[in-house]
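To keep things clear, I will list the structure first and then write my remarks on it.
The values are calculated or read from the model by the stated rules, or taken from the named source; none is laboratory data. These numbers were taken from a predicted model, which means no experiment stands behind them. Reconstructed Cβ throughout: ideal geometry from the backbone, glycine too, with neighbour counts over all protein chains shown.
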Amino acid sequence: MDPVVQSAIIGAVATIVSVGGTVTVAIVGFRSSRSANRDTIATAQATNQATIEAAHADVQRTLDTTREGQIVDLYSRAIEQLGSDKLDVRIGGIYALERVALDSPKREHGTVMEVLAAFIREHSKEQWPPPEPDVEPGRLTRPDVQAALTVIGRRDSRYDRASIDLHNAILPDARLEHAILSGANLSDADLNHAFLDDADLSRTYCYGTIFTGAYLRRANLTGAILTSPYPNLAAVTSAFLDAATLTDADLTDARWPPAVMVPEGWKRDPDSGLLRRASTDPDNSGN
């Protein structure tokens, strides 16, 4: 081969190899750079996400602390209002306590309901309207006591820590329609002419409770036991109506315990199991 041609070929091959090497180095360098960029971006993203999450957690802690402080402050002011000599201020305190129970159900609900039940037991014994000279005294449930009853009756019972204790409370003409009183202690309470339509009184302890003239239409009295209050452990979870006074009470459509004899003047509907007024026919006065 002609030396000149051979030299030219060798030179061309060397040039091609050199260019190819440069291209290869460039490609490898680009790929390495792109991989490094991806790693850098991923690291930055992870760092940013961690920063965002930490900031969010910090803000949430601040909000929780602020909110808890507000709830404590609201609770303290509401308790002060309960001791006011002004009726409207006391009622405002009662509904403020309901707000506390709603805003912090797991922490404050049980305490609020115990406070309201104690308020009812204590202040329901005070005559209302206040006695006046030369005026025959009447007796109704006080408006602030009624407000506390309303709050208890519509509470979310899932957060109860204990049974509602209203024993010995004096609650004539109280409005407790649709009230949730399941498992409550109403022993020796005076519910004379109270409105308990559609109320849940299942598993309620009613030893000596006065229901004279009360409205118990469609009330749920399932689980009542008319024998000894504590014959066995299972009975403790049932309602006790032993010695309860039901004179003239309206029990229309009340859900009465199937194993318990119905009050005089009433009969259990054979299809629905609900109470109906008994006719004068002796054959219709049984269970």
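Quick notes
- Any chance ALA96 is under 15 Å from SER157 (Cα atoms) and of a type in the set (A, V, I, L, M, F, W, C): no
- Residue within region 243-261 that is modelled with pLDDT under 65, in the same structural domain as ILE170 (by TED's automatic domain parsing) and in a loop (DSSP other than H, G, I, E, B) present: yes
Here's the yes/no breakdown for (1) within 19 Å of THR204 (Cβ to Cβ); (2) surrounded by fewer than 18 Cβ atoms within 10 Å (Cβ to Cβ); (3) in contact (Cβ under 8 Å) with a residue 12 or more places away in the chain:
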residue: PHE119; (1), (2), (3): no, no, yes
residue: THR141; (1), (2), (3): yes, no, yes
residue: ASP144; (1), (2), (3): no, no, yes
residue: GLY153; (1), (2), (3): yes, no, yes
residue: HIS178; (1), (2), (3): yes, yes, yes
residue: ASP190; (1), (2), (3): yes, no, yes
